[in-house]
Amino acid sequence: MLDLEYAAPAPKVIAGAKHDWELVIGLEVHAQVATKAKLFSGASTLFGAEPNSNVAFVDAGMPGMLPVINEACVAQAVRTGLGLKAEINLFSAFDRKNYFYPDLPQGYQISQLYHPIVGEGEVLVELGDGTARLVRIERIHLEQDAGKSIHDMDPTMSFVDLNRTGVALMEIVSRPDIRGPEEAAAFVAKLRQIMRYLGTCDGNMQNGNLRADVNVSICRPGDYEKYQATQDFSHLGTRCEIKNMNSMRFIQAAIEVEARRQIAIIEDGGAVVQETRLYDPDKNETRSMRSKEEAHDYRYFPDPDLLPLEIEQAWVDDIAANLPELPDAKKARFIASFGLSDYDASVLTADVANAAYFEDVAKGGGDGKLAANWVINELFGRLKKDGDKGITESPIPAARLAQIVALIKAETISGKIAKDVFDIAYTQDRDPEEIVKTDGLEQVTDTGAIEAAVDEIIAANPAQVEKAKANPKLAGWFVGQVMKSTGGKANPAAVNALVAAKLGL
Amino acid sequence: MAIDTDTARRVAKLARIKVEDAALPALAQEFSAILGFIEQLNEVDVDGIEPMTSVTPQRLYRREDVVTDGNQQAAVLANAPDAREGFFAVPKVVE
């Protein structure tokens, strides 16, 4: 799809006491599917409701209740799969993963172990330094989320809220293609970006709508290449899984500290035990979740309450035909059609709402590069200072910023005056064209008027004229005076030329 | 495949069903008999036969993405042995 060529980044190397070690990382990303209702019930998925109010009897695991699949969840999983250039399985099926926990009232999670809805895909993860990692996706399956346990409301009891129970999740499983902590965070960020473009997951990590389990192992330099050549896992070290990370920063820190733990064990002559671990950000360490060991026997079997999920190719094709433009394609188009730099195009396409805003400004203003400067430097900077506002909260709509760009491009106002106009438009909810007209801010390009101003300044400052004639650098003083006397409205290029001519420089 | 009493004990524990030690040998024997029957079934040659997933030729029924349920906190909590402030209250479980 893209013509852009990237080199693969170098793997992260950690120096051990004896020799160097490399990291091998695979992720399982859990993304909450953006739908109104849950995967198998008609209860709402809305975050922050009264406890146990978004709960149907199906979600509460009441006897005799049967799950009925929400077709929109299936469509969202297919859409996500298509966005990751993945194979869509027209036949998939649901299985029960059995375990006991208070926030799982059914006693099992409905998931898709044997026949996931989405098969192999890939994601290009750019790393900002001109390198990019192509990460293979192994599968995406649909499953139910669990409820929420709160442990700090009572000294002896845990409180359980089932509002999240049964909300649809997509579990996106990567191959062990990620080679460092930064790459892992960039991978999650890229998935988040793609899903936000697709509208399949809001990506809100704080609310837990996007979280990741991270598999980490270490190997000697050269071993990973053997694995890639043969796909034989015996070339890699034993992995540990760090569960439930919901911050990019913690993902990076946890990988680093886990890798160092494994290096220390092996260099001491020990062996890494395959297990599930938790990251503790306060102590910056991972520790074993021993209590879950027994629960690892999930006794999966096909869910007898649900027939296999069979979808039609025409339905998939219809979803494919209506996919929005994805980040990589949008970025390439911004570079090609607006002449943006790679960096500016990345910044502007990071979020789909920002990209749409920029495109309106660029098209309305008639100048892509100028529009990029104004959106990135002036608007983003201002929004950040103004309580870290998002683009949708911008007091200046795209059409108005486009007017400012158009006014600069037509040389109706100078870049300097434009900043004043921007400030007025931002704070007073006014139209830039109207501000320029009402406040008389049009740039003076009429050389007669500028000439008069230049003559006046020269006549009033004979001493400065002598100095400037001796030292031409001082001509800048006259330019400044003229700009001042014209309220900044004089065309700077015209003033420069006239001052130089009048002083005979 | 023969199931011993230790495996029977483990299966009972995973299912959270209390089985007295004295009852385990009989349970293990029943499991063994069931698995033995399945092993017998495994002898049937099913090459090239699609697995049957349902006895009714039906398509999985789908619901539309509309909120039609919920807002019944009292009913959801009605059978709970202990509920407080809208939550189920259970003996403390902390990792």
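Read the figures in this text as sums done on the coordinates, not as results from a lab. Note that the coordinates shown come from a computational prediction; the quantities given were computed from them, not determined experimentally. Cβ placement follows ideal geometry from the backbone for every residue including glycine, while neighbour counts extend to all protein chains displayed.
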Compute the acute angle (0 to 90°) between the alpha-carbon long axis of helix A:181-198 and the principal axis of greatest extent of the alpha-carbon atoms of chain A; round to the nearest 10°.
-> 80 degrees
Shielding of A:69-76 by partner chains, average beta-carbon count, 10 Å = 3
Local electrostatic count, residue A:424, Cβ distance below 9 Å [Lys/Arg +1, Asp/Glu -1] | -2
Computed ³J(HN,Hα) along the range A:28-33: with the Karplus parameters 6.51/-1.76/1.60, θ = phi - 60°, integer Hz and x for glycine or proline, the list is 10, 9, 9, 10, 6, 6
What are the ³J(HN,Hα) values, in whole Hz, obtained from phi via the Karplus relation 6.51 cos²θ - 1.76 cosθ + 1.60 with θ = phi - 60°, for each residue of the range A:373-386 in sequence order, with x given for Gly and Pro?
-> 4, 5, 5, 6, 7, 7, 5, 4, x, 5, 4, 5, 5, 8
Here P(r) for the range A:192-307, Cα-Cα distances in 10 Å bins, as whole percents, is 12, 31, 32, 22, 4, 0
Residues with beta-carbon under 13 Å from that of residue A:57, excluding residue A:57: net charge, scoring Lys, Arg +1 and Asp, Glu -1?
-> -1
Only helices counted: for chain B, with every DSSP H run of 4 or more residues adding -39500 (n - 2.57) and the sum spread over all residues, [θ] at 222 nm is -11000 deg cm²/dmol
Summed over the other residues with a beta carbon less than 9 angstrom from that of residue A:28, with K and R at +1 and D and E at -1, the charge totals -3
Beta carbons within 10 angstrom, averaged per residue: use that to sort the peptides A:46-57, A:354-365, highest first.
-> A:354-365, A:46-57
Given backbone amide H placed at 1.01 Å from N, residues whose amide H is under 5 Å from that of residue A:244, ignoring those fewer than 5 places away on the same chain, are A:212, A:213, A:214
Find which of A:66, A:203, A:404 sits farthest along the positive direction of the dipole of the protein assembly as shown, computed with +1 on the beta-carbon of Lys and Arg, -1 on that of Asp and Glu, about the Cα centre.
-> A:404
Taking the Cα atoms only, what angle lies between the long axis of helix A:248-267 and the longest principal axis of chain A, rounded to 10 degrees?
-> 50 degrees
Over the whole of A:36-45, what's the average partner chain Cβ count within 10 Å per residue? Rounded to a whole number, please.
-> 5
Enumerate the calculated ³J(HN,Hα) couplings along the range A:77-90 in order (Karplus 6.51 cos²θ - 1.76 cosθ + 1.60, θ = phi - 60°), each rounded to whole Hz, writing x wherever the residue is Gly or Pro.
-> 5, 5, 4, 4, x, 5, x, 9, 6, 9, 6, 9, 8, 5
For residues of A:137-149, the mean tally of beta carbons on other chains within 10 Å = 1
Roughly how large, in nm² to one decimal, is the mean projection of the convex hull of the alpha-carbon atoms in the range A:414-462?
-> 4.4 nm²
Label point distance in nm, residue A:315-residue B:9, each placed 7 Å from Cα along Cα→Cβ = 4.9 nm
Quotient of C-alpha Rg and 2.2 N^0.38 Å, computed over the protein assembly as shown = 1.29
Quick one: which residues, 5+ away or cross-chain, put their amide H under 5 Å from the amide H of residue B:63? H built at 1.01 Å from N.
-> A:69, A:70, A:71
Cα-centred dipole magnitude for the range A:22-296, charges only on beta-carbon of K, R (+1) and D, E (-1), debye, nearest 20 = 400 debye
Longest principal axis of chain B (C-alpha) makes with the long axis of helix B:24-42 (C-alpha) an angle, in degrees to the nearest 10, of 70 degrees
CD proxy, 222 nm, chain A: helix-only mean residue ellipticity via -39,500 (n - 2.57) per DSSP H run with n ≥ 4, per residue, nearest 500, stands at -11500 deg cm²/dmol
Mean Cβ-within-10 Å packing, highest first, puts peptides B:44-57, B:26-39 in the order B:26-39, B:44-57
